[in-house]
Amino acid sequence: MKIAVVIFPGTNCEHDVVHGLDLIGVDAELVFHKQTSLDGFDGVVLPGGFAHGDYLRTGAIARFSPIMDSVVAMADSGKPVVGICNGFQVLCEAGLLPGALVANRDLSFICKPVNLRVESNTSALTAGANVGDVVRIPLNSYEGNYVADDETLGHIEANGQVLFRYSDGSGTVTDDANPNGSARNIAGVSNESGNVAGLMPHPERAVEQILGSMDGLLLLGSIPAFFDLVGAK
């Protein structure tokens, strides 16, 4: 399996993603945002950072980068398309994922590990997990507050598109466990097919014990697991 990791001006987590994918035996290659083709790739990751300085609003400029037409085409083909933090914001801006990310409830940058409860195991970020699993993953963002109107929230809840919720260590979802004010403690969502998936915390920063957690490998490992599932259909 070969995964493209897209670099926008201001992206800063691309090498971490490549390293994490390498640890699970996935071939990953950096692709600059001005390229127009993803031919030969089986999936794509949009990593974290500050694409184009997050001017206007997060992801708003990156959404129009030349590579995005191929990202959309890959999403339409059913292949895995994953967005992490800033990449999640880009996918929302591009209309590939529902909802939006706005400034954190307390208007402060958050940099700390958080607990996430897995809500669905049918996506490109959760296919290797079990529903109810609790993973500990670093969160690093200022605009990580997930919002959507009530109709959209009801729709994604009913369709199993909510992938992760902020929880305590036992998996209990509480207001106190919600670090940024995200609606219904939502930390990650997918499209209806599950092949497009995004989350705010950084699984690539939790891939070795020296980093305090290896739970990120479970999420990154879900990309090839999902590809195997859809490839078998």
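Going by neighbour counts of Cβ atoms within 10 Å, the residues GLU143, GLU14, GLU151, GLU29 line up, fewest first, as GLU151, GLU29, GLU143, GLU14. Net charge of the neighbourhood of ILE156, taken over other residues with C-beta under 13 Å away and scored Lys/Arg +1, Asp/Glu -1, is -4.
Seen from ILE84, the other residues with C-beta closer than 11 Å to its C-beta sum to a net charge of -2, counting Lys and Arg as +1 and Asp and Glu as -1.
Comparing THR58, THR11, THR126 in a Gaussian network model of the chain, where Cα atoms under 10 Å apart are tied by springs, the biggest mean-square fluctuation is seen for THR11. Pick from CYS92, CYS13, CYS111 the residue whose mean-square fluctuation is largest in a GNM of the chain, springs joining Cα atoms under 10 Å. Per the Cα network of the chain with a 10 Å cutoff, CYS111 tops the list.
Neighbour counts of C-beta atoms inside 10 Å place LYS34, LYS79 in the sequence LYS34, LYS79, starting with the fewest.
Each of ILE223, ILE24 has some number of other Cβ atoms within 10 Å of its Cβ, and from fewest to most they run ILE24, ILE223.
Working from Cα pairs under 8 Å separated by at least six residues, relative contact order for the range 1-55 is 56 percent. Normalised by the number of residues in the range 2-231, the mean separation of alpha-carbon contacts (under 8 Å, six or more apart) gives a relative contact order of 21 percent. Hydrodynamic analysis of the chain uses the Kirkwood radius over alpha carbon pairs. Inserted into Stokes-Einstein at 20 °C and 1.002 mPa s, it gives a translational diffusion coefficient of 126 µm²/s.
Restricting attention to the chain, the count of lysine pairs at 8 or more positions apart or across chains with alpha carbons under 23 Å apart stands at 5.
What does the charge add up to near PRO9, with Lys and Arg as +1, Asp and Glu as -1, over the other residues with Cβ less than 13 Å from its Cβ? For residues surrounding PRO9, the net value is -1.
For the chain, a Gaussian network of Cα nodes joined below 10 Å ranks ALA197, ALA124, ALA28 by mean-square fluctuation, and the top entry is ALA28.
Which whole-angstrom value gives the distance between the alpha carbon centres of the range 172-207 and the range 27-41? When both Cα centres are located, 26 Å separates them.
Over the range 152-201, Cα pairs under 8 Å with separation of 6+ residues give a relative contact order of 34 percent.
In this structure, LEU107 and PHE64 have a Cβ-Cβ separation that, at R0 = 41 Å, corresponds to a calculated FRET efficiency of about 0.90.
Only the coordinates and a few stated rules stand behind these numbers; no lab work does. Everything numeric in this text was worked out from a predicted model, so none of it was measured. Heads up, the Cβs are rebuilt from the backbone with ideal geometry, glycines too, and the neighbour counts pull from every protein chain shown.
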